[in-house]
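The values are calculated or read from the model by the stated rules, or taken from the named source; none is laboratory data. Worth saying up front: this structure is predicted, and the values here are computed from it rather than measured. FYI the Cβ positions are ideal-geometry reconstructions off the backbone, even for glycines, and counts take in every protein chain you see.
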Amino acid sequence: MSDRPGRISNERARLDGVGADSRPHAVTGWLSVPLLLIAALFIGALPFYVRQPLGSGESVSSPMWFGGAGHLASPAAGLYWLIALPVCIGAVALFCTWRERRSGAELHVRLWLAVSVGLCVATVVAVRSGLLFFLSNLTIRGLLPLLTMSVAVLIWGVALRSRVVIGVGVVAVAASLVSNLYNVENRVPQQFTFDTRFSLWSNILLTAFVFVVGAAMAVFAKRSKR
């Protein structure tokens, strides 16, 4: 009888953990919250990506921490990312820490913090030092945080061995590359196009949509296995 608590603890970890778990959906469902937090981070940037009207001839300077953001109506885009990114990263870490304590599952919070913060810092350094000079098409729209967070989620998903999170990461990386390299509105049917002042919204919403769908898939995956 003395080893019963240990067996119960081990069984609980086996059932609730992601990697060694025979039911990874048990944790995947919780990960819908971090995915939604990241989607909210991207959607929250929309008000700061309104361009000057065509022909105005004005250009508002903005902190170019994450690439170009010229011809915007507000100079606050860079400031938004510098505040919102740490808040989102921290919120994800706090939620996962809370879930770890309640379930005993390993959600690799330290890895998430190290990867997400490290990638953000590396991106800022690369942009400010000119290391991405030859990749100017990647930085011209000022949307590198979409790519940075998508890569962080992909790495985190691999560590968690969660198929849903890995899938979201892969698709999000592809979507964020498109968001940074192309004018997405050019691919949107004419009747659904935005005013030219909001042309960057399509780029942001494309990647945000991937995370919203991923969150829904995470919830569905959990319920379908019950």
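If Gly78 passes every condition in (1) modelled with pLDDT of 95 or more; (2) closer than 21 Å to Val125 by Cα but one, which one does it miss?
(1)
With Phe66, Phe134 as the choices, which residue is outside any helix (DSSP H, G or I), at pLDDT below 95 and among the aromatic types (Phe, Trp, Tyr)?
Phe66 is the lone residue from the list that is outside any helix (DSSP H, G or I), at pLDDT below 95 and among the aromatic types (Phe, Trp, Tyr).
Just checking, how many residues over segment 85-108 are part of a helix (DSSP H, G or I) and either of a type in the set (S, T, N, Q) or surrounded by fewer than 18 Cβ atoms within 10 Å (Cβ to Cβ) (or both)?
12
With respect to Val164, determine if the residue is more than 30 Å from Ser74 (Cα to Cα) and buried (at least 20 other Cβ atoms within 10 Å of the Cβ).
yes
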